[in-house]
Amino acid sequence: MASRSFLFIYVLVMFCLAGMAFSELSDDFYHHICPKALPTIKRVVVDAVRKERRTGASLLRLHFHDCFVNGCDASILLDQTSTINSEKTSRANNNSARGFEVIDKIKSEVDKVCGRPVVSCADILAVAARDSVVALHGPSWKVKLGRRDSTTASRTAANNNIPTPFMDLPALIKNFKKQGLDEKDLVALSGGHTLGFAQCFTFRNRIYNETNIDPTFRRQRQANCPRSGGDSNLAPLDPTPALFDSKYFSDLRSKKGLLHTDQALFSGGKTDDLVEKYSKNLGMFSKDFAKSMIKMGNIKPLTGKRGQIRVNCRKVN
Ligand code: HEM
Ligand SMILES: *[C@@H]1O[C@H](CO)[C@@H](O)[C@H](O)[C@H]1NC(C)=O
Ligand SMILES: *[C@@H]1O[C@H](CO)[C@@H](O)[C@H](O)[C@H]1NC(C)=O
């Protein structure tokens, strides 16, 4: 009898330890501490996207650029100080990452309704990315919560880990693999480019030097992106930059990918098949996108007593 209850307690303890080790983020993290947290994030996102639809794209990209640099820990939000090497001026983010004011607004509104700072900036980024996609008619998904905020940032890690738009397919696959993401995640998440815009300097080489490009598309893009100058002129990443749809993928099939890295997903390599499937099946793209967003959002979170809940997302407490 005694040995049986020992066994029971042993199994129970192991079960709890396993739970602590493997599922530290949870579905209902703010359910009791601040039930109004998630509706408040959504309200501010919907408001901001109504004012400027591109904001939805920018918020989605912020979460991606946060997660690829030492995990989803809001390191991207820290401003430069004598001890913080801000990621905001890294190659991929400088004069490019946007939406920081919306995150500030969300943080202050959420702290107001919660009565104290209990919601992390990292969770705000993850939820705002989801709410942005929903606001632009994309799929929804359950964001696991309980991420905490970093006390450090790394411009060097941002420069090394965020993919550049000049990579070829093997380099992209390798880059995502380092984050625990596979080829399917790469293709599905690249579908994030169904939203938003890119600056001329990121696609100039593609529209002047590359051959796997539709001639009419090339001419149209060259009209607003000269050989020299106009570096920050914008072009949409797909024909419907404020709508989550499968046009990004159908465009790749007709050689109208804007970035070199977009077209690399459909240029005779092993991701061609998936691009073709997504181009014909918005439901499948949406489902896989949601799945991969959850996977990306769970990269190396700080949980438990690690990190902190920042009072101001731009500064360490
Ligand atoms: C696969 C590797 C990727 C590369 C090389 C890449 C590169 C880029 C570049 C160069 C831009 C334009 C930035 C500018 O001109 O200022 C951009 C924009 C964007 N990216 Fe990516 N990206 C990648 C993956 C992703 C992923 C995984 C997501 C999200 C799931 C994403 C979401 C976006 C969005 C929404 C925009 C538009 C932002 C806006 O309009 O403010 N990208 N990306
Ligand atoms: C970021 O861009 C600004 C121009 O807006 C430039 O002065 C600065 O040198 C850039 N920072 C880095 C680290 O490249
Ligand atoms: C095209 O490629 C050549 C040779 O690699 C390079 O020197 C030139 O700068 C490129 N042109 C553009 C517009 O990127």
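The values are calculated or read from the model by the stated rules, or taken from the named source; none is laboratory data. Quick caveat: nothing in here was measured; it's all calculated off a predicted structure. Neighbour counts are summed over all protein chains in view; Cβ atoms, including those assigned to glycine, are modelled from backbone coordinates with ideal geometry.
Data for the structure
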{"item": "Residue check, residue 58 among the small types (Gly, Ala, Ser), within 16 Å of ligand 1 (Cβ to nearest atom) and in contact (Cβ under 8 Å) with a residue 24 or more places away in the chain", "result": "yes"}
{"item": "Members of the stretch 179-218 found to be away from ligand 1 (no atom under 11 Å from the Cβ) and within 16 Å of the chain's Cα centre (by Cα), listed by number", "result": "180, 182, 184"}
{"item": "Flag for residue 285 being within 17 Å of the chain's Cα centre (by Cα) and assigned by TED's automatic domain parsing to the domain that holds residue 201", "result": "yes"}
{"item": "Residue selected from the stretch 246-266 under the condition more than 16 Å from ligand 3 (Cβ to nearest atom) and touching a residue at least 60 places away in the same chain (Cβ under 8 Å), by the criterion nearest to residue 54 (Cα to Cα)", "result": "262"}
{"item": "Those residues of the stretch 86-135 which are within 13 Å of ligand 2 (Cβ to nearest atom) and buried (at least 17 other Cβ atoms within 10 Å of the Cβ), in sequence order", "result": "86, 87, 88, 90, 92, 93, 96, 97"}
{"item": "Output for the stretch 152-183, where each listed residue is in a helix (DSSP H, G or I) and exposed (fewer than 15 other Cβ atoms within 10 Å of the Cβ)", "result": "156, 160, 170, 171, 174, 177"}
{"item": "Elements of type helices (runs of 4 or more DSSP H) in the stretch 189-287, at least 2 residues being over 24 Å from residue 91 (Cβ atoms)", "result": "215-223, 247-253, 272-280"}
{"item": "Extreme residue, farthest from the chain's Cα centre (by Cα), among residues of the stretch 104-140 that are among the acidic types (Asp, Glu) and farther than 15 Å from residue 77 by Cβ", "result": "109"}
{"item": "Hey, residue 70 more than 16 Å from ligand 1 (Cβ to nearest atom) and at positive phi or not", "result": "yes"}
{"item": "Complete set of residues in the stretch 284-305 that are over 13 Å from residue 72 (Cα atoms) and of a type outside the set (Ser, Thr, Tyr)", "result": "284, 285, 287, 288, 289, 290, 291, 304, 305"}
{"item": "Meets criteria (of a type outside the set (S, T, N, Q), outside any helix (DSSP H, G or I) and more than 18 Å from residue 29 (Cα to Cα)) for residue 91", "result": "yes"}
